Amino acid sequence: MIRPRSNWYFLRWVLFAGAGGACGVFIYLMWFGMNSDHDNVPALLTQLIPAGHCTCQSSTTFQCADCLSCLVLPSPSPPPPQPSALEPERPSTWSFLYERDDQDRGLSQSQCQASFPGLFQDVRRGVEYWKSREGGISIDDMNATPFEDGMARAIISNGELYVVATKAKGEDHRRKILATLGSIYRVLSASSTRRWSLPTIEFIFSIEDRVDDIHAFGHPVWVLSRKVSEESVFLMPDFGYWAWAKSNIGPYGQVVERITNAESRVKFTDKEPKLVWRGKLSFAPKLRRALLDVARGKPWSDVKELDWTKKANFLTMEDHCQYMFIGHVEGRAYSASLKYRQACRSVVVAHKLQYIQHHHYLLVSSGPNQNYVEVERDFSDLPKQIDDLLKNVEKAERIAENSVKTFRERYLTQAAEACYWRALWDGWAEVSSNVTRNVKRPAVERGLRYESFVLLENHDMLKFSFGSESRGKY
């Protein structure tokens, strides 16, 4: 016979065991919801998944419509034939022409300013931040910057690129660092006056997605994206402009060429009147599954998870352009796919963004220059937005056309990328003159020329330090 006291101990044990089991099930469900790349997570569980890196209550507002309004003003008459190199430049008679200037990486500073108003907004912001700190960027600031995986330190001197150090966790890091260095070298090579016209600078950059991946908050680093609060960093174009390692993507210019050729045969009104999106759900499960749940079963939806085992779900970049509407969702940080989506003559539909890339200041969500559609981060207003656009196809076509004129044919061109790099170098030089002024040794004694660096064995690039010098002697 079980005594009452024994009954109480038994009941308490059952309660503890039940609670422990429930906690275990809950933890497993959370893990499953956050790591599954399949469309097999109930909507209720999606609501319970913690936001993690995706803090859904905060976002960034881009206000640069005034930068675009000047581009729609009547352009000057077509310029006369180009003068000889000996004749002085007359910027007042010059204007950017797509198909003539879009691949010109050698535009002058005045031509860059005339062609791409608003593109250099983040450079000026970074300059003002460091100007507000007495003395600007010092060599101590540089040496105090954590040098983590995915980072490189380099010098530009007399128009040449020198690699001081690199730190790569593996092949992915190595390729992205190499692509970034390649982009810098390509722009340097496009300037015939680089030996005397470009500043001498020393800098550190990261190819990681997030500033906190490299513990760079408060440090002077060039990065791919940032949040509003991360003011000490400078934005740079991502490595995809050089090339994406996957052979089916390739250099950004090649992607644009394929898309332009494909779209030349298709009118906007002949495109599939649906919203298309493909993506890996585990990169930002709460955010991306919210899109899946809201779009599920809608007649305008072609929103699916990207599962490499399901070939039917895979779409090429050109395939996306067959749709009127293309969804864009951030991942664990920014999503590098935005520039590819902006290459299409389609309406990009994006939630309120947290992360800023160098060209995001040109995003306009309303008004005559609207070039994308912005929805809430939980996609609650997505059905209404799509329904309204389907009822007003002329408006949708105008937004798509604005996107092409703004991004594909201007701010994401090779000329714009080159102009941004040079503006970044000039802005950096403006606030980091103390770094190069206090270094006595020439660049050739402190770094390896880029041309020699690319000939190193792959494994030698992973943890490279010129002359095996300690960081304190940089």
Item to complete: With the condition kept exactly as written, say whether any residue in the range 194-212 is within 30 Å of Ser452 (Cα to Cα), surrounded by fewer than 16 Cβ atoms within 10 Å (Cβ to Cβ), assigned by TED's automatic domain parsing to the domain that holds Ala423 and of a type outside the set (Lys, Arg).
Response: yes
Response to the item:
Ala423 fails exactly one of (1) touching a residue at least 60 places away in the same chain (Cβ under 8 Å); (2) outside the structural domain of Arg186 (by TED's automatic domain parsing); (3) not in a strand (DSSP E or B), namely (2)
Worksheet entry | Candidate set: the range 310-319, residues that are at pLDDT below 90 and part of a loop (DSSP other than H, G, I, E, B); chosen: the one surrounded by the most Cβ atoms within 10 Å (Cβ to Cβ) | Phe314
Worksheet entry | Condition met for Arg377 (surrounded by 15 or more Cβ atoms within 10 Å (Cβ to Cβ), assigned by TED's automatic domain parsing to the domain that holds Arg133 and either without any contact (Cβ under 8 Å) to a residue 12 or more places away in the chain or not small (Gly, Ala, Ser) (or both)) | no
Worksheet item: Which of the residues spanning the range 187-208 are farther than 15 Å from Ala154 by Cα, out of contact with any helix residue (DSSP H, G or I) (no Cβ under 8 Å at 6 or more places or on another chain) and either of a type in the set (Ser, Thr, Tyr) or at pLDDT 95 or above (or both)?
Response: Ser189, Ser192, Thr193, Ser197, Glu208
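Listed here are the residues, each with its yes/no results for (1) touching a Pro at 6+ places or on another chain (Cβ under 6 Å); (2) surrounded by fewer than 16 Cβ atoms within 10 Å (Cβ to Cβ); (3) among the aliphatic types (A, V, I, L, M); (4) modelled with pLDDT under 95.
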| residue | (1), (2), (3), (4) |
| --- | --- |
| Val364 | no, no, yes, no |
| Pro368 | no, yes, no, no |
| Thr413 | no, no, no, no |
| Trp421 | no, no, no, no |
| Val435 | no, no, yes, yes |
Worksheet item: Does the range 368-379 contain at least one residue that is hydroxyl-bearing (Ser, Thr, Tyr) and within 25 Å of Arg125 (Cα to Cα)?
Response: yes
Fill in: Candidate set from the range 231-257 (those that are closer than 16 Å to Leu412 by Cβ and in contact with a strand residue (DSSP E or B) (Cβ under 9 Å, 6 or more places away or on another chain)); member that is surrounded by the most Cβ atoms within 10 Å (Cβ to Cβ)
Met236
Worksheet item: Quick one: His215 ticks every box in (1) at positive phi; (2) touching a Leu at 6+ places or on another chain (Cβ under 7 Å) bar one, so which box is it?
Response: (2)
Worksheet, complete the sentence: Residues of the range 135-148 being in contact (Cβ under 8 Å) with a residue 60 or more places away in the chain and at negative phi, in sequence order, are Ile137, Ser138, Ile139, Asp141, Met142, Asn143, Ala144, Thr145, Pro146, Phe147, Glu148
Item to complete: For the range 111-120, state whether one or more residues are without any contact (Cβ under 8 Å) to a residue 24 or more places away in the chain, of a type in the set (Gly, Ala, Ser) and over 27 Å from Val228 (Cβ atoms).
Response: yes
Worksheet entry | Residues (surrounded by fewer than 16 Cβ atoms within 10 Å (Cβ to Cβ) and under 23 Å from the mean Cα position of the chain (by Cα)) located in the range 100-124 | Gln103, Gln113, Arg124
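The values are calculated or read from the model by the stated rules, or taken from the named source; none is laboratory data. Here the structure is a predicted model, which means the values were calculated and not measured. When we count neighbours, we look across all protein chains shown, and the Cβ atoms used for this are built from the backbone with ideal geometry, even at glycine.
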